[in-house]
Amino acid sequence: MKGEKSGIRFKTVLPWAAGGAVLFLWGASQLWPKFAFGERVGRSSLEMIREMAGILPVMFILVGLFEVWVPRKSIERFLGREAGWKAVPWLILLATVQAGPLYGAFPVALGLARKGCSPRNVFIYLGAFSTLKIPLLTFEVGFLGWQFSLARVLLSLPAFIIVGVLVDRLVPGWTPPEFVVSGGKTDLKPKAGQLGRGNP
Amino acid sequence: MIYLAVFTGTALLLSLVADRRKTWEGILFGARMFLKILPALVLMVVAVGLLLSALNPRFLESMFGGAGPVPFLAGLAVGAVALIPGFIAFPLAGLLRSNGVSTAVLAAFVTSLLMVGVVTLPLESRFFGQKAALWRNVLSLLAAAVVALAMSLVLT
């Protein structure tokens, strides 16, 4: 086992080393055409980057604008602890009108949490987003039939609500990680119990 | 996806008109968030690149075919690990069905694909903390299994 310090260093280096390895595999496939695996890895990585490039800038701008413009009170009122179960229809509505992969919802969910959306509702939102997006449903109905879609949606609905409730219970006192607003340096461990600037 | 971009563009314009400083602050907030999660994103791209080049329809068919708990569990496992956008996943599921893969296995594959993200776990941990991210994925996997079993009962 290595010490704490080298553990952190390993974590920092790993993503870049992995990225470098993919570049290397791709490069190798360009030199030796027989090495098709490298070519495939390179191509699917590029596809993934393209997908992210189409989604993430939009998401991060949206979350940034949300952060500076939306008053905390309004989110607290509709999605905070006091809102109770009345928040669930709002969460579902919010999730269904969105599009894109689940990782695009992470910044949005974090933005909501920073404005007073309760932990339970953050996790219910993620569940709703992952299962109920309308663009996704149209595809599903087209290829697997409406019976399949309907059964999946109706059965998933209670399932992700229960998951949200359980995650809230299992991680008591959850607060949004602070790393997104902490100056220039990267915190590996998010500090709990703080809220960022703009949230007096 | 396009309407979301249009919506964001409009919001950005309105925000610029209303308050330039505040808009800049918002954009900086988003950019900073992006930079902080960049390592996790790189890791995700690599994982997806490796996985997608290992998975292909014929391989999936050989894993998902037949009856019993093994293809069902394979569906859950592949769905949990893979990160496939809907516009590829559903045509693929349709293809698998027409090649004789059972509804239960398809349901297991689709529900766990949607609800569980092993590949995005590092990213999710960055956003929500390791503990919450782990629990959400573990519980979602269990939920996917239950939903898929119930679906196979309802649909047959």
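The values are calculated or read from the model by the stated rules, or taken from the named source; none is laboratory data. Predicted model, so just to flag it, every value in this text is computed and none were measured. Virtual Cβ from ideal backbone geometry, glycine too; neighbours counted across all protein chains shown.
Take B:Leu123 and decide whether it is part of a helix (DSSP H, G or I), on the phi < 0 side of the Ramachandran plot and more than 15 Å from the chain's Cα centre (by Cα). No, not satisfied.
Those residues that are among the charged types (D, E, K, R) and at the interface with another protein chain (Cβ under 8 Å from one of its Cβ atoms), I need them from segment A:18-42; list them, please. The one that is among the charged types (D, E, K, R) and at the interface with another protein chain (Cβ under 8 Å from one of its Cβ atoms): A:Arg40. Of the residues making up segment B:111-132, those that are more than 7 Å from chain A (Cβ to nearest Cβ) and among the β-branched types (Val, Ile, Thr) are B:Val116, B:Val118, B:Val119.
Among the residues of segment A:38-52, is any in a helix (DSSP H, G or I), free of Cβ contacts under 8 Å to residues at least 12 places away in the same chain and exposed (fewer than 14 other Cβ atoms within 10 Å of the Cβ)? Yes, segment A:38-52 has at least one match. The set of residues in segment B:67-105 that are small (Gly, Ala, Ser), within 18 Å of B:Leu155 (Cα to Cα) and in contact with a helix residue (DSSP H, G or I) (Cβ under 6 Å, 6 or more places away or on another chain) comprises B:Gly75, B:Ala93, B:Gly94, B:Ala104. Would you pick out the residues in segment B:1-50 that are at the interface with chain A (Cβ under 7 Å from one of its Cβ atoms) and among the aromatic types (Phe, Trp, Tyr)? Within segment B:1-50, B:Phe29, B:Phe34 qualify. Scanning segment B:15-64 for residues that are in contact with a helix residue (DSSP H, G or I) (Cβ under 6 Å, 6 or more places away or on another chain), polar (S, T, N, Q) and farther than 22 Å from A:Val108 by Cα returns a single hit, B:Ser53. All of B:Val105, B:Val46, B:Val70 fail the test of being of a type in the set (Val, Ile, Thr), free of Cβ contacts under 8 Å to residues at least 12 places away in the same chain and in contact with a Pro (Cβ under 8 Å, 6 or more places away or on another chain), apart from B:Val46. Just one of (1) more than 18 Å from the chain's Cα centre (by Cα); (2) in contact (Cβ under 8 Å) with a residue 12 or more places away in the chain fails for A:Phe143. It is (2).
Only one residue in B:Val105, B:Val101, B:Val42 is crowded, with 21+ Cβ neighbours inside 10 Å, among the hydrophobic types (A, V, I, L, M, F, W, C) and not in a helix (DSSP H, G or I). Which one? Answer to the selection: B:Val101.
If you go through segment A:87-100 and keep only what is modelled with pLDDT under 90 and not aliphatic (A, V, I, L, M), you end up with A:Thr96, A:Gln98, A:Gly100. Number of residues in segment A:152-166 that are out of contact with any Ser or Thr (no Cβ under 9 Å at 6 or more places or on another chain), crowded, with 16+ Cβ neighbours inside 10 Å and touching a residue at least 12 places away in the same chain (Cβ under 8 Å) equals 2. Looking at segment A:74-94, can you tell me whether even one residue there is over 18 Å from the mean Cα position of the chain (by Cα), of a type in the set (Asp, Glu), more than 22 Å from B:Leu12 (Cβ to Cβ) and within 10 Å of another protein chain (Cβ to nearest Cβ)? No, because not a single residue in segment A:74-94 is over 18 Å from the mean Cα position of the chain (by Cα), of a type in the set (Asp, Glu), more than 22 Å from B:Leu12 (Cβ to Cβ) and within 10 Å of another protein chain (Cβ to nearest Cβ).
In this structure, is B:Ser53 at the interface with chain A (Cβ under 9 Å from one of its Cβ atoms), under 20 Å from A:Pro101 (Cβ atoms) and either in a helix (DSSP H, G or I) or among the acidic types (Asp, Glu) (or both)? So B:Ser53 fits the description; yes.
Evaluated against (1) surrounded by fewer than 17 Cβ atoms within 10 Å (Cβ to Cβ); (2) closer than 15 Å to A:Tyr103 by Cα; (3) among the charged types (D, E, K, R), B:Asp19 falls short on exactly one condition, (2). In segment B:56-91, of all residues being under 15 Å from the mean Cα position of the chain (by Cα) and within 10 Å of chain A (Cβ to nearest Cβ), the one that is farthest from A:Ser44 (Cα to Cα) corresponds to B:Phe90.
Residues of segment A:154-177 that are more than 8 Å from every other protein chain (Cβ to nearest Cβ) and of a type in the set (Ser, Thr, Tyr): A:Thr175 alone. Restricting attention to segment B:44-55, the residues that are of a type in the set (A, V, I, L, M) and within 15 Å of the chain's Cα centre (by Cα) total 6.
Taking (1) β-branched (Val, Ile, Thr); (2) facing chain B (nearest Cβ under 7 Å); (3) within 19 Å of B:Leu121 (Cα to Cα) in turn, A:Val108 satisfies each apart from (2).
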